[in-house]
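Input: a single structure, listed below in structure tokens.
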Amino acid sequence: LAHARRAGALPGAPPPGEARAPPPPPVDALKHSASALAAASNDRARLAAGVFRPSHALPTMSLAEFAEQEMADARRREEESKKAEAARQAVDLDREEDHEREQQRLRSWDDWKDDNKRGSGNLKGKW
């Protein structure tokens, strides 16, 4: 088969010594090459715009704006801490009330045990 191809005996085979021309590119490939060319020119423009820029990041706000933002943040944190402290005190009061109720319950149970000695309950007719 290879021998016949070299001799040009196969149909569609180029004659010996001539190279076959490559097929034309598909239409989609032309679109992709145009978009690749546009992307390359965009990259080139982006790089050209950054040639004489400083290597460090430039500030995005003035010192006055930054100070104003920090002061607002500090005020917000102060308000939150006041609210948290008030909530903590309310929880402490609730805990204190709960502790007092528990102490009262334990005292009343202790008084009941003093009044009712062990084994002095319903004897179920044994007396």
Of A40, A4, the only residue that is among the small types (G, A, S), at pLDDT 70 or above and open to solvent by less than 100 Å² (accessible area, probe 1.4 Å) is A40
Options E80, E70, E102; residue that is over 29 Å from the mean Cα position of the chain (by Cα) and either of a type in the set (V, I, T) or in a helix (DSSP H, G or I) (or both): E102
Could you tell me which of the residues A13, A9, A48 is of a type in the set (A, V, I, L, M, F, W, C), part of a loop (DSSP other than H, G, I, E, B), modelled with pLDDT under 95 and open to solvent by 60 Å² or more (accessible area, probe 1.4 Å)? A9
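The values are calculated or read from the model by the stated rules, or taken from the named source; none is laboratory data. Source: prediction; values computed, not measured. Keep in mind that these areas ignore ligands, DNA and RNA; they rest on the heavy atoms of the full protein, side chains included. Shrake-Rupley method; radii C 1.70, N 1.55, O 1.52, S 1.80 Å.
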